[in-house]
Amino acid sequence: MALTLFARRPAPVEPPTPEPPLWPEIGETWKPDGVTIVQRYYNQAHAVVLVYTASQGYRHNVACLGCHFVKTHNKFKSHGWLELKDAAAVANDHATTCRALPRDITARPDDDTVRERLLKWVSGCRNRVEDEQIWIESLDLLRLSIQRTDDWIVAALQQLAIDHPEILRAEPSEYSDHTHIRYFARRHPES
């Protein structure tokens, strides 16, 4: 009887502690296609502010992954684009004042979605006066959302020129020795 009163009981088992939820990918290691990340800054809420280049390695852009701030041009320079030191200053200034929380990195869109975005972009470049030349560098604002390389974009523009000749035309450059193609958004027809 004495043995049953003082029988050993198993040690209490602690319930497993739940794993904390994973933080979203906020751009700390993000390397989207078609973009070279040059510098990263953190804003006041720890969202990432990127300095990146796209098609031209000397044209820098700034984008905040917390809010929707983007900057691609410098109106005080004769050439208009941001050099690295200017882009770094813009990114640092924005990071010190921005309080936006980190957002999830958007998933890479499928090819059809990107083709639709390119068609909308080309349609937005059209005017009523003359055909407007389209430059790949003008897509720098869209680069983080479309996440595609220059070669992919050029192939998509060539296909767009075939599928929608009333909106986009392609022609070889007369100033180039190699096969360089220029793209033009066709002017709106007279109404």
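Selection of the range 44-91 for residues being open to solvent by 70 Å² or more (accessible area, probe 1.4 Å) and over 20 Å from Glu137 (Cβ atoms) yields Gln44, His46, His68. Check whether at least one residue in the range 153-160 is of a type in the set (Val, Ile, Thr) and in contact with a Cys (Cβ under 8 Å, 6 or more places away or on another chain), and report yes or no. No, the range 153-160 has no match at all. Do we have Ile134 as touching a Cys at 6+ places or on another chain (Cβ under 8 Å), of a type in the set (Val, Ile, Thr) and either open to solvent by 50 Å² or more (accessible area, probe 1.4 Å) or modelled with pLDDT under 95 (or both) here? Answer is yes for this residue.
Right, Arg108: at pLDDT 90 or above, within 26 Å of Val51 (Cα to Cα), open to solvent by 90 Å² or more (accessible area, probe 1.4 Å) and within 18 Å of the chain's Cα centre (by Cα) or not? In short, yes.
The values are calculated or read from the model by the stated rules, or taken from the named source; none is laboratory data. This structure is a prediction, so every number in the text was calculated from the model and none was measured. Quick reminder, even Gly has a Cβ in these numbers, built from the backbone with ideal geometry, and neighbours come from all protein chains shown. Quick note on the areas: whole protein, heavy atoms, side chains included, nothing else; ligands and nucleic acids left out. Shrake-Rupley method; radii C 1.70, N 1.55, O 1.52, S 1.80 Å.
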